[in-house]
1. Does Lys216 count as within 28 Å of Leu8 (Cβ to Cβ), assigned by TED's automatic domain parsing to the domain that holds Pro331 and part of a loop (DSSP other than H, G, I, E, B)?
2. From the list Glu313, Glu351, Glu304, pick out the single residue that is acidic (Asp, Glu), assigned to a helix (DSSP H, G or I) and not assigned by TED's automatic domain parsing to the domain that holds Thr153.
3. Taking the condition of being buried (at least 23 other Cβ atoms within 10 Å of the Cβ) and either part of a loop (DSSP other than H, G, I, E, B) or free of Cβ contacts under 8 Å to residues at least 60 places away in the same chain (or both), how many residues in region 338-348 meet it?
4. Scan region 76-89 residue by residue and report those that are outside any helix (DSSP H, G or I) and not charged (D, E, K, R).
5. Output the residue which, of all residues in region 349-371 that are under 21 Å from Lys60 (Cα atoms) and touching a residue at least 40 places away in the same chain (Cβ under 8 Å), is surrounded by the fewest Cβ atoms within 10 Å (Cβ to Cβ).
6. Can you report the number of residues in region 367-384 which are farther than 16 Å from Lys3 by Cα and either part of a helix (DSSP H, G or I) or of a type in the set (Phe, Trp, Tyr) (or both)?
7. Name the pairs: first residue in region 96-109 and polar (S, T, N, Q), second residue buried (at least 17 other Cβ atoms within 10 Å of the Cβ), Cβ to Cβ under 6 Å, at least 6 apart or on different chains?
8. Scan region 254-267 and tell me whether some residue there is crowded, with 16+ Cβ neighbours inside 10 Å and in contact (Cβ under 8 Å) with a residue 60 or more places away in the chain.
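The values are calculated or read from the model by the stated rules, or taken from the named source; none is laboratory data. On a predicted model such as this, the values are computed, not experimentally measured, just so you know. Neighbour counts run over all protein chains shown; Cβ positions are idealised from the backbone, glycine included.
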Amino acid sequence: MYKRIFLLVLDSLGVGEAIDANQYNDVGANTLKHIMDNHDLFVPNLQKLGFLNTINMSDKEDTEAYYTIAKPTNVGKDSLTSHYELMGIRTIQPFKLFTEKAFPRELLEKIENETGKRIIGNKVINGEQIINELGERHLSYGSLIIYTSTDSTLQVAAHEEVVPIPKLYQYCEKIRKITLDDEFRVARVIARPFTGKPGKFKFTQDRKDYSVKPPKRSVLNSLKDNGYSVISIGKINDIFDGEGITKIIKSSNNNMDTLTKLTDIMSKKFTGLCFINLNDFDALYAHNRDIEGYANSIEEFDVEIPLILNKLEKDDLLIITADHGNDPTFPGNSHTRENVPVIIYSRRFLEPKKLDILQTMADIGATIAENFEVEKPEIGTSFLEKLK
């Protein structure tokens, strides 16, 4: 048994179209490959782990980690259903999307009545664009800026000087309750505080996601119920709405800060799972179709790899994966239906190599469950015995 498992999710770093990509209009998507096609990516540490080989599942001699890819099987391509799948929850009903005409008037009226605030915006748009388009009007009238991405979200933006952060959180909690109705059931309500002056508005690091409760128990619940630590770093706690989490380590939703929190906790003694999400790849770069920024962020992460590996103890296991794709070369700014890389590293390994393709991302959760001898999740097959 591994005493500690660190599961690190590189948000949106997919490695090629999934078998059902045609159902999502994502044929040809390949986040990592297309970034490499447009940028001379220098990631020597990830390369040693077989990370680049996951694009084509090519063989690598003298790899320092087991590597493969995992197929998504849950419906949808949002963060919630993807993380659910990682932890062994099957979902067959997608969350509501409002990507054609944004939100119906009926919902907006409910929000206005509940918050006492007028609503402006109501567009399918990038967040940076809408706060610069409507930020000055918001400052003048105090209205809430509401918008959605091409994912299942309802995002609420407000300037900190107009709506203090605690008040914005209260509004989002009320909106979350309204959007639990089936007709409005989005995956996440997201508070987006911003600061600055007209023409120079900028989101702060105080974003907060209000997710629905997971529909079923996950591996996280089983670990917690059996006395194991389940440590959340980044947005993991928000995604699972606290279910199965024993310790919350907040980060500023910044990759480097999140990685600092990770290396700090690696110095502590615990038995169980540490679950981390690196959100910058998706939120800052993929959704903004910033290829160069995405590439630079991957290279920054690569520099941190030796420190992470050196802090692992002999009875630790590190799993690096992703939750979906978000190809910055694709039209629009939404997630893409892609397979995800899976890198598994431990000091124990004698001859790491390429593994067979995982038929579901839930195999990761099943492996974690078997390691700690807790309840097997409803989906997923453990690959623990293949790690030698």
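1. Working: within 28 Å of Leu8 (Cβ to Cβ): yes; assigned by TED's automatic domain parsing to the domain that holds Pro331: yes; part of a loop (DSSP other than H, G, I, E, B): yes.
When the stated conditions are applied, Lys216 passes them.
2. Values: Glu313 fails: assigned to a helix (DSSP H, G or I); Glu351 fails: assigned to a helix (DSSP H, G or I).
From the options Glu313, Glu351, Glu304, the qualifying one is Glu304.
3. The qualifying residues number 1.
4. Just the residues of region 76-89 that are outside any helix (DSSP H, G or I), to begin with: 76-78, 87-89.
Gly76, Met87, Gly88, Ile89, listed by residue number.
5. From region 349-371, those under 21 Å from Lys60 (Cα atoms) are 349-358; that's our starting set.
Subset that is touching a residue at least 40 places away in the same chain (Cβ under 8 Å): 349, 352-358.
Values: Phe349: 16, Pro352: 22, Lys353: 17, Lys354: 17, Leu355: 18, Asp356: 10, Ile357: 14, Leu358: 22.
Looking at the filtered set, the residue picked out is Asp356.
6. Taking region 367-384 as the starting set, the residues that turn out to be farther than 16 Å from Lys3 by Cα are 375-383.
Those still in the list that are either part of a helix (DSSP H, G or I) or of a type in the set (Phe, Trp, Tyr) (or both) too: 383.
Final tally of qualifying residues: 1.
7. Partner pairs satisfying both residue conditions: Thr99/Val124; Thr99/Thr150.
8. Yes, there is a match, as at least one residue in region 254-267 is crowded, with 16+ Cβ neighbours inside 10 Å and in contact (Cβ under 8 Å) with a residue 60 or more places away in the chain.
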